[in-house]
1. Go through (1) facing another protein chain (nearest Cβ under 10 Å); (2) free of Cβ contacts under 8 Å to residues at least 40 places away in the same chain; (3) of a type in the set (Ser, Thr, Tyr) and name the single condition B:Thr195 misses.
2. Just need a number here: residues in the stretch A:70-92 that are open to solvent by 30 Å² or more (accessible area, probe 1.4 Å) and either under 15 Å from A:Thr132 (Cα atoms) or modelled with pLDDT under 95 (or both).
3. If I filter the stretch A:33-55 for residues that are in a loop (DSSP other than H, G, I, E, B) and open to solvent by less than 10 Å² (accessible area, probe 1.4 Å), do I get at least one hit?
4. I need a count of the residues in the stretch A:5-31 that are assigned to a strand (DSSP E or B) and of a type in the set (D, E, K, R).
5. Considering (1) open to solvent by 10 Å² or more (accessible area, probe 1.4 Å); (2) under 18 Å from B:Val52 (Cβ atoms); (3) in contact (Cβ under 8 Å) with a residue 60 or more places away in the chain; (4) among the small types (Gly, Ala, Ser), say which one B:Gly130 fails and leave the rest.
6. Could you grab me the full set of residues in the stretch B:21-35 that are acidic (Asp, Glu) and within 13 Å of B:Glu192 (Cβ to Cβ)?
7. Pairs under 9 Å by beta carbon, first residue farther than 17 Å from A:Gln30 by Cα in the stretch A:176-190, partner of a type in the set (Asp, Glu), six or more apart or different chains?
8. Kindly indicate which of A:Glu165, A:Glu192 is outside any helix (DSSP H, G or I), open to solvent by 70 Å² or more (accessible area, probe 1.4 Å) and at pLDDT 95 or above.
Protein chains: 2
Amino acid sequence: MAPLGIVDMRVVVNAAMSADGKLSTRERTQIEISGPGDFERMDQIRAASDAVMVGVGTVLADDPALTVDDESLREARIERGEPANPARVVADSRVRTPPESRVLDDQADSYLLVSEAAPPDFVAQREKAGATVISAGENRVDLAAAFEELADHGIDQLMVEGGGEIIYSLFEADLVDRLSVFVGSMIIGGREAPTLADGEGFVSSFPELELETVERIDDGVVLRYHVP
Amino acid sequence: MAPLGIVDMRVVVNAAMSADGKLSTRERTQIEISGPGDFERMDQIRAASDAVMVGVGTVLADDPALTVDDESLREARIERGEPANPARVVADSRVRTPPESRVLDDQADSYLLVSEAAPPDFVAQREKAGATVISAGENRVDLAAAFEELADHGIDQLMVEGGGEIIYSLFEADLVDRLSVFVGSMIIGGREAPTLADGEGFVSSFPELELETVERIDDGVVLRYHVP
């Protein structure tokens, strides 16, 4: 697939939300929104990506490994001359990813995207834990600049799994090429529960999407958008 | 259609949200999420309902009339022996609906659902403006009790158009029979922007929905759910 967008890398956002747009509860508890069909779909996109990214909030809340679950998908990657798992990328301005996080384990490469305000000893500690640290932006991560560096490391397709803060930042920076959302058949509710796109929010010039496909999976539906 | 649910009345929630679950911006500005096809669909549901309900937040933000737009639909209602427009219902615990609001105009009947804490002079003023005031609940409107009274007034189908606070309250009180959501192909974002279901939010026993139909309309999709 040819890379798209303003950075020479394809950025594919993938998330599961309730029918009212929530990624989890107000207590940030991870809950099962999708089912086995959507899980398999997500695993396939992971396996087809060079790296999988989350915001540091997701690391702190869920401690995900972000690795490919299906062994045959990992084997197919190895046969293609790729590592078994895609790299893990954490957007982490202030370096809050704990050194013992699963995203820093030895199952795959790990990148931390930090800002110039990141404390050098924190950076050194994560590098010692095996992470490649990319510094871009003064106080917040300059995502476009950081993504250019990721592209230089050979990352052609980056899958983004959330949460809502990083997804908003990516739309704000006009870096999203595709968005896939599983809409689960449940209500979570809560004016403080995290949504698919949080941040400050747009008040004009709303990012427009093109709905490409609609597919019923499990007891919900997957909406696939292209970002023109 | 036979009434369903714990109250002898069918409660049909209908709303349009962005792909990230927002009803409007963080500034509560009304924006065009759906298009003419969804507008027509909404108008048909209004015309098929005995009353259309919103929360007082929606009255204060948008001052909607909640009347049927299509003249032929109004004429068909009259031919069926019904008033041209369905009644308007506002959930308004503290009586904040301005007396000059369009929902209180003479185009249709108007009901205000208030709590027992509602100031009697405010109640009298709205009654003078033409509203029927239903009082139920101590400080917040007891929606189940108020709906029983609406059913006694001959309202068999109530369409609820939002906003997110009243929709959450209805799910909390287990009063929703059906939910239709138009998902628009745009991102609004904002951790403080109103969503389809706000309120406190559930942390367990999440209301489950059954996805009945998925239909592409305008540049988005309508998801229709049944609440078992």
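1. The one condition B:Thr195 does not meet is (2).
2. Total satisfying the criteria: 0.
3. In the first step, residues of the stretch A:33-55 are kept if they are in a loop (DSSP other than H, G, I, E, B); the result is A:33-35, A:48-50.
Still in the running and open to solvent by less than 10 Å² (accessible area, probe 1.4 Å): A:49.
Taking every residue of the stretch A:33-55 in turn, at least one turns out to be in a loop (DSSP other than H, G, I, E, B) and open to solvent by less than 10 Å² (accessible area, probe 1.4 Å).
4. Within the stretch A:5-31, the subset assigned to a strand (DSSP E or B) is A:10-18, A:22.
Next cut, of a type in the set (D, E, K, R) only: A:10, A:22.
The qualifying residues number 2.
5. (3)
6. Across the stretch B:21-35, the qualifying residue is only B:Glu27.
7. Correct list of pairs: A:Arg178/A:Glu212.
8. On inspection, the qualifying residue turns out to be A:Glu192.
The values are calculated or read from the model by the stated rules, or taken from the named source; none is laboratory data. All values derive from a computational prediction rather than experimental measurement. Note: ideal-geometry Cβ built from the backbone for every residue, glycine included; neighbour counts use all protein chains shown. Accessible surface areas use protein heavy atoms only, side chains included; no ligands, DNA or RNA. Shrake-Rupley method; radii C 1.70, N 1.55, O 1.52, S 1.80 Å.
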